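Colleague: To start, I am sharing the structure in question, which I have written as C-alpha cells.
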Amino acid sequence: MAYKYISTVLINVVTKITTHPKSKEMMNMKFTNILAIFLICVVIAAMPASAGTKYISGNPEMSVAISGSNEFDPGDDTTITITVQNTGTKEFKIVQSDIVDRDDVPDTAKLVEVSLEANKAPITVKTDPQMIGDIAAGSSDSASFKIKVDKYASPGKYPLNVTLKYKYLFSAEQTGTDTIKYNYRTVEKPLSVDINIKSDVQIEVSNVSADSMNVGTEGYITMDVTNVGHETGENTVLKLSGATGSAVVPTDASVFIGKFAPGETKTVTFKASVSDEGEAKNYPVLVSAEYKDSDGDQKTSDSETVGIDVGGKVDFEIISDPAQLRPGQKGEITIVYKNTGATTAYNAQARISAVDPFTSNDDTAYLGDMEPGQTAKAVFEVSVDSDATIKTYGIDTEIRYRDALDNSIISDSMKAQIGIAKVSGMAIFTNPIVITIVIFVIIGAGYFVWSRRKK
C-alpha cells in the first residue's frame, strides 16, 4: 500500500514537469534533485503506520500493611496509617495498526476506598472509610484512621479488618476503527492487618480523704492507688499534680512505692495547700505513676482525676460591743473574737494597730487555740490624745495563728470600734489625772493647815 502511494506521487510529479510550459528548463534539473525526492518518499513509506495497543490479561493485585509501628499502649489515642499497594502485572498485549488505544489498563485499581474495622480488637475506630483514588500497578497509597485503644485492654496481638473497594478495566470492545466500549468490574476485597497491644501500668484511685484542707491553709491528701494494668512497675513513683483551674496546689507531691504488681494496692499520702482565692468546694487533682517496664524503659501511666473536698477558710469576726474612752484617758479596751471558719486556729494571737488619736504600748494579746465557733477575749491598754475628736473610731486588728501543719498564717484585717465620748461633770472625777491632782491638792492643803497649827 505504501509503495503504491509512492508510485502515484512520482507519476504526479513527472506529469507536472512534462506538461509545464517551461518543461525544457525543468527537464534540465539536476538528476540529484529528483533522486533526493525519491529517497524521501521511500523513507516515508518505510515508516510503520501508527499502531494501537490492547492488553488481553492482567488485573490489580492489592495488599495492605501498617505504616510505621504496629505496637500500641492501652489508652492510646492515636492515628494508624494503612498502606495500600498494587502489585498487579500485564501478561499479554497486542500492538496492531487498527487498534484504538485504551484510556485505562486492566491492572489499575480505580477509585480505591479503604475502610478499617476493629473486628474483636479492644479499640474504637473514629474515622470513616477513606477514598484514596486510582492506584496503578507497581504503585501504592495510604489512608489514615484515628483509633482509641481501650484503657484496660489486655496485651496481645489483634487482627483488624481492612476492606478495599475498587473497580478495574475487565474488558474493552472495539467497534470499527474509532469506537470502544469499556467493561469495568467492581471488587470488594477483605484483608487484615495485625496490631500489638503492650502491657502497662494502669492506676485506679479510691478512698480519697483530706485532712485540714481548708482555703488558705496546707493539709494532707490520703488515697488508695491500685494497679489495674497488666505490667509490673519497677521503681514506681506515684505523683500528685494540680489540674487546670484547681485551687489545690501539691507541695509534697511524690511518693516512692518501688515494685507495683498488677492488682496491688498502695496507700499513699500527699501534702498540698489551698489557694487563698479558693472556695469551700470539691477541686480536681491528677494522680499518675512513673515506672520502669519489663524492657527497662521509663514510662508514665495515664493520669487519674480525683476530687478533693476543701473546707472554708479560717475566718474571724468581732462580736464584742464598741469600747468607750474619753479624750486624754488611758484605759483598757476589750475585744472578743469568734472563729467563724471551718477549722481550728492554733496558738492564735490578736494584734491591734493603734493610730492617731490612739497610742498603745500593749498591742498584742494571746488567744490560744480556737476551734470553729469558739470565742476568745483580748484586752489592750490604749491611751487617747486629749484633743481627740468626739466620735467612733475603727482601729485595725488581725489574728496570727498556725494551721494543722504549723504554717504561720495571718487573718484578714478587721475593724474594732472605739467610741470617744465627752467628759461629763461627774466623769471628770473618774479621770486618773484629775484624781491625782485632787489628791495632791488635798495633801498640800492638809500640810499647810498642819504647819499653821504647829506655829
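Colleague: Residue pairs, Cβ under 7 Å, 6 or more apart or interchain, first in region 341-362 and among the hydrophobic types (A, V, I, L, M, F, W, C), second in a loop (DSSP other than H, G, I, E, B). List them.
Modeller: Pairs found: 342/280; 342/312; 342/372; 345/314; 352/363; 354/363.
Colleague: Quick one: in region 254-313, which of the residues that are assigned to a loop (DSSP other than H, G, I, E, B) and hydrophobic (A, V, I, L, M, F, W, C) is nearest to the chain's Cα centre (by Cα)?
Modeller: The extreme case among them is 310.
Colleague: Is there a residue in region 381-392 that is assigned to a strand (DSSP E or B) and under 46 Å from the mean Cα position of the chain (by Cα)?
Modeller: no
Colleague: Going through region 387-401 one residue at a time, which ones are surrounded by fewer than 17 Cβ atoms within 10 Å (Cβ to Cβ) and not acidic (Asp, Glu)?
Modeller: Within region 387-401, 389, 390, 391, 392, 394, 400 qualify.
Colleague: If you go through region 214-232 one residue at a time, how many are over 30 Å from residue 294 (Cβ atoms) and not hydroxyl-bearing (Ser, Thr, Tyr)?
Modeller: Number of matching residues: 6.
Colleague: If I go through region 285-297 residue by residue, how many of them are modelled with pLDDT under 95 and in contact with a strand residue (DSSP E or B) (Cβ under 6 Å, 6 or more places away or on another chain)?
Modeller: 1
Colleague: Give me a count of the residues in region 266-284 that are in contact with a strand residue (DSSP E or B) (Cβ under 9 Å, 6 or more places away or on another chain) and over 16 Å from residue 209 (Cα atoms).
Modeller: Looking only at that region, the number is 2.
Colleague: Would you pick out the residues in region 123-171 that are part of a strand (DSSP E or B), aliphatic (A, V, I, L, M) and within 30 Å of the chain's Cα centre (by Cα)?
Modeller: Once the filter is applied, which keeps residues that are part of a strand (DSSP E or B), aliphatic (A, V, I, L, M) and within 30 Å of the chain's Cα centre (by Cα), region 123-171 yields 123, 125, 143, 147, 149, 160.
Colleague: Same structure, new question: What about residue 348, is it at pLDDT 90 or above and small (Gly, Ala, Ser)?
Modeller: Yes: the conditions hold for residue 348.
Colleague: If residue 103 passes every condition in (1) farther than 30 Å from residue 184 by Cα; (2) modelled with pLDDT under 95 but one, which one does it miss?
Modeller: Of everything listed in (1) farther than 30 Å from residue 184 by Cα; (2) modelled with pLDDT under 95, residue 103 misses just condition (1).
Colleague: Could you list, in sequence order, the residues of region 389-408 that are at pLDDT 90 or above and in contact with a Gly (Cβ under 8 Å, 6 or more places away or on another chain)?
Modeller: Answer for region 389-408, where residues must be at pLDDT 90 or above and in contact with a Gly (Cβ under 8 Å, 6 or more places away or on another chain): 391, 392, 393.
The values are calculated or read from the model by the stated rules, or taken from the named source; none is laboratory data. None of the values given here were measured: they were computed from a predicted structure. Note: ideal-geometry Cβ built from the backbone for every residue, glycine included; neighbour counts use all protein chains shown.
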